Amino acid sequence: MFRKSLAIAIFAMIPTAAFAQNDELKAFDGLFLGAQAGWGHRTDGSRLYVGTQLVDEFNFSGDSFDYGAFAGYDVRIGNVVLGVEAGIGSGGTAMREDIYGLTVTIKPKWNYEGTARAGYVLGDRTLAYVRGGYGAERLRRSYSDTATGAAVGVAGSEWSNGLVVGGGIEHALAPNVTLRGEYRYKDFDGWYKPQQVLLGATYRF
């Protein structure tokens with residue numbers, strides 16, 4: 001009687017175990033949506049030339065709270081995960097520098113990215129990954145008299161774009177819910193170099 005009961009219990013557990021394994025595979029596979037937020041740091045630089053002679057250099061920098069949303073698709077092959085992701089975000093404090101009586105202000109507005117990522121699953125629930133791709137950020141530049149604060153000239157907006165690279169760790173709390181932490185570095189036009197440390201949450205379908 002005991003052996004019969006034990007056999008029934010073992011067979012009853014087999015579908016459950018198989019389901020659990022499938023759930024683990026689903027953790028880093030398929031379509032996902034998410035949100036993220038964290039620390040941002042941006043630097044920019046300008047150079048003043050007289051003819052071909054470099055006269056001076058000016059550096060802008062600022063820390064900020066950054067946030068955004070993203071969507072993507074992963075394919076898991078064994079322990080290897082390959083995916084693509086698109087995101088949109090905002091953040092960035094105004095950066096100011098006084099240049100010979102003129103205050104120059106650079107204000108980041110919003111940004112977007114399109115990247116690919118590749119990673120390896122450690123254990124069953126933790127993914128270590130790197131990413132790379134293209135990104136852009138909208139900037140507003142304005143000018144004012146340092147002494148009086150009066151506007152000088154016409155303010156304007158422009159795009160700065162370039163390479164995005166980064167890496168992070170993503171951990172599955174459930175088959176379709178994950179948390180991640182990530183560092184990103186962006187090498188954009190000229191001297192504009194945003195960096196971010198972001199925490200995010202994803203839901204997989």
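For region 45-173, relative contact order (Cα pairs under 8 Å, six or more residues apart, normalised by length) works out to 19 percent.
Where does the charge balance sit around Glu158 when Lys and Arg score +1, Asp and Glu -1, over other residues with C-beta under 13 Å from its C-beta? Intermediate values should be presented prior to the final figure.
Values: positive: Lys107, Lys109, Arg138, Arg140, Arg141; negative: Asp44, Glu137, Asp189.
Neighbour charge sum, excluding Glu158 itself: +2.
Each Lys or Arg adds one and each Asp or Glu takes one away; over the other residues whose Cβ falls under 10 Å from the Cβ of Ala116, this sums to +1.
A cut-off under 10 angstrom between Cβ atoms defines the neighbours of Ser142, and their net charge, with Lys, Arg +1 and Asp, Glu -1, is +4. Full extension of the segment from Val197 to Thr103, taken as 0.36 nm per residue of separation minus the current Cα-Cα distance, would add 30.9 nm.
Rule-based calculations on the coordinates, nothing more; no lab input. For clarity, every value in this text was computed on a predicted model and none was experimentally measured. No Cβ is skipped: glycine too gets one built from the backbone with ideal geometry, and neighbour counts run over all protein chains shown.
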